[in-house]
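The values are calculated or read from the model by the stated rules, or taken from the named source; none is laboratory data. All figures in this text were calculated on a predicted structure; none of them were measured in a lab. FYI the Cβ positions are ideal-geometry reconstructions off the backbone, even for glycines, and counts take in every protein chain you see.
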């Protein structure tokens, strides 16, 4: 999602937590230069991922109801689960760790009434609800209230299998997402899915998966993005989106089908050795706000459940 404001990168972590870059990570441009060719290859010419679209379309075992495991399930244990029988404020913080507003996206703020549980489903809404926002000595008229929750204070993970069963919102400019991001630094970030409705809302059925890594301060920050075209029903049917984050490799599994994988070179992998927390959000893409009919809001991003498994010791 890339929603962290730049100032959070300067955050001084207290209580004994250490900065990633004080733990021996080699973020020098010299090593980055050697890694650039491999990153370029993985981004555009990774033949291991060729045919994954066809594999998803033809796989007879895919399921939108049952979670599949891309490993021997006995080797992993369930470490976090929420079936949303209620909204647990000890688990989920409303908004981002720094607050309810992002100065780079002033059209929206993170509201309370946009988040609720009903009939075992978490609903994250987007509503037309203009409101003046004071931020960094400036006043913004923020037009939309959106639902966003995170696990920053309650659950943080290094490696694991992360899965969600969810249904997309409808309409133009929609931008739901399920992602992990670094607790103490940004990057790293793993976007397990982002779905962009664009102007007509039809592109909401394309899953975008992105890895963010590198270092902002020396301009080595970069990303690798993969995409998958899903059936044109992600706004009417629940699908299962998951990611296996392992040392040296990150794989994406959709409806039980392994659709993308990225083997991390040494320079990339060092950014995925720290704790990350979960973010679930329903946002609006600022590029397509003119396409929105406010009378047709709210839209609704629905989550049936979320689960995290980790390898047993």
Checked segment 110-132 for anything more than 18 Å from the chain's Cα centre (by Cα) and either in contact (Cβ under 8 Å) with a residue 60 or more places away in the chain or closer than 19 Å to residue 288 by Cβ (or both); matches are 114, 120, 121, 127, 128, 129, 130
Can you name the residue in segment 44-73 that is closer than 28 Å to residue 222 by Cα and outside any helix (DSSP H, G or I) and, of all such residues, is modelled with the lowest pLDDT? 50
Taking the stated definitions as given, is residue 161 part of a loop (DSSP other than H, G, I, E, B), crowded, with 16+ Cβ neighbours inside 10 Å, modelled with pLDDT of 95 or more and in contact with a strand residue (DSSP E or B) (Cβ under 8 Å, 6 or more places away or on another chain)? no
Does residue 128 meet the test of being part of a strand (DSSP E or B) and touching a helix residue (DSSP H, G or I) at 6+ places or on another chain (Cβ under 6 Å)? yes
Single condition residue 137 does not satisfy, out of (1) out of contact with any strand residue (DSSP E or B) (no Cβ under 9 Å at 6 or more places or on another chain); (2) surrounded by 14 or more Cβ atoms within 10 Å (Cβ to Cβ): (2)
Among (1) out of contact with any helix residue (DSSP H, G or I) (no Cβ under 8 Å at 6 or more places or on another chain); (2) within 18 Å of residue 301 (Cα to Cα), where does residue 181 come up short? (2)
Just to verify a result, which residue in segment 79-98, among those that are assigned to a strand (DSSP E or B) and more than 23 Å from residue 159 (Cβ to Cβ), is modelled with the lowest pLDDT? 96
